[in-house]
1. Provide the FRET efficiency to the nearest 0.05 for the residue 189-residue 55 pair, computing r from the beta carbons and using R0 = 30 Å.
2. Please get the size of the charge dipole for the chain, origin at its Cα centre, with Cβ charges of +1 on Lys and Arg and -1 on Asp and Glu, quoted in debye to the nearest 20.
3. Whole number in Å², please: accessible area per residue of region 59-137, 1.4 Å probe, ligands, DNA and RNA not counted.
4. Once you keep just the Cα pairs under 8 angstrom separated by 6 or more residues, what percentage relative contact order results for region 248-295?
5. Rounded to the nearest 5, what % of DSSP beta bridges with both residues in the chain are antiparallel?
6. Calculate the tail of P(r) for region 151-229: the fraction of all Cα-Cα distances greater than 20 Å, expressed in %.
7. Report, by chain and number, residues whose modeled amide H sits under 5 Å from the one on residue 337, excluding near sequence neighbours (fewer than 5 apart, same chain).
8. Starting at 0 and stepping by 5 Å, how many percent of the alpha carbon pairs of region 257-373 end up in each bin?
Amino acid sequence: MPTGPSGPAEDHRKSSGSVGEVSAAESAFLRACRCEPTARVPVWFMRQAGRALPEYRAARGSGSILEAVARPELATELTLQPVRRYGVDAAIVFSDIVVPVAAVGFGVEVVPGVGPVVARPFAGAADLARLRPLEPETDTGYVLETVRAVCRALGPLGVPLIGFAGAPFTVASYLIEGGPSRTFARTRALMAEDPVLWGRLLERLAEMALASLRSQVGAGAGAVQLFDSWVGALSVEEYERSVLPATRRVLEGLGDLGVPRIHFGVRTGHLLPLVAASGADVVGVDATVPLDEARRRVGPGHAVQGNLDPATCLEGWEAVEAEARDVLARGGGTGHIFNLGHGVLPETDPAILERLVSFVHGETEVTTAAETG
Ligand code: CP3
């Protein structure tokens, strides 16, 4: 059933069984991130704000996404839209993984339908000077303004906000390739042929991601997600030697803040044991690895997030329901955050995602109630 602007938020409050204010810290999402029992399995969707939503297209207007991110009032509205529409258990700030590098003037555009494009790609040591340290309050103050405004709006509903950043490898791949890539040939060549320069580049990007994430938490984000979307293209050896140290620098650098740290990448099945050792509390899993198998690879003490195939959402409700049941069965309840295996596809019917949230909540509420008697 289609829901009006304020519907799902109220439903969320009612079915969480609380009266009045719900502490965001006690939300099902944050509890699941900490592997604590929850009243039901929490749900959110990667790329939940965006072109699948007519209200997004209406509010967004034309112009680059980077311009939209730089308008806190608009970015706040775009962040809240999926919470209203879908009744998800977490919001994710409307921004992009290239915002910090663009903000320090590296020269990055985001082209609709393509993704980030860099006019003068990173090619040598001289380009390090184009990546000065990020000063979040002055360089990306608009993101922090959005975070504060979203937290003000969502705090009373007990819905936490996820802050995010691009991981050093994935951001480096855009800077080096100059745009999206299938093979990451130049990136891997730099990694193999000039490990010292590669290390310095990743270190800078790690410091930027860390500064950005710390500032988002300072402004009120209750959890963070580090997107290493394309790292699955690497071998175990490449990942361990050339990427893991910088990723660890980011995730461990957040340790004192006490917020859950989610790590996500596509096709990272072979990397999961190492990802689990990166300092992540929650390991995001794409649709290529069943969650029970992912749990075996990740080991105890971590929550898992995922992993319904976003393409299934284009097949109609029956297919979605069947796969959602399977994901829930394999996810195993405690320490599972239901999500897609990657971002919402623009062609997705929002009604399917709305129904999916209700389904996951309904299915898992019954199970938990039965378990606890
Ligand atoms: O709801 C949300 O997910 C919050 C906002 C968000 C955006 N980008 C906004 C956006 C988030 C979390 C991201 C992360 C991001 N950006 C990732 C990691 C997630 C993933 O999909 O793996 C990556 C790799 C990027 C880089 C990027 N930016 C790509 C590949 C694209 C897609 C290009 C396209 O048009 O299809 C973008 C553009 C972008 N970022 C859009 C949005 C809503 C769409 C374009 C627009 O509306 O102008």
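The values are calculated or read from the model by the stated rules, or taken from the named source; none is laboratory data. In this text, all values refer to a predicted model and were calculated from it rather than measured experimentally. Methodologically, a virtual Cβ is constructed for each residue, glycine included, from the backbone with ideal geometry; neighbour enumeration extends over all protein chains shown. For the accessible areas, the whole protein counts, side chains as well, though only heavy atoms, and no ligand, DNA or RNA atoms are used. Shrake-Rupley method; radii C 1.70, N 1.55, O 1.52, S 1.80 Å.
1. On the way: r = 44 Å, r/R0 = 1.45.
The pair residue 189/residue 55 has a calculated efficiency of 0.10.
2. On the way: 34 positive and 44 negative charges, 97 e Å.
With Lys and Arg at +1 and Asp and Glu at -1, about 460 debye.
3. In whole numbers, region 59-137 has 40 Å² accessible per residue.
4. Numbers: 49 pairs, mean separation 19.2, N = 48.
Once divided by the residue count of region 248-295, the mean separation gives 40 percent.
5. On the way: 4 of 26 bridges.
Expressed as a percentage, antiparallel bridges in the chain total about 15.
6. In whole percent, the long-distance tail amounts to 43.
7. Amide H neighbours of residue 337: 304, 305, 306.
8. Once binned at 5 Å, the Cα pair distances of region 257-373 give 2, 12, 23, 21, 19, 14, 8, 2, 0.
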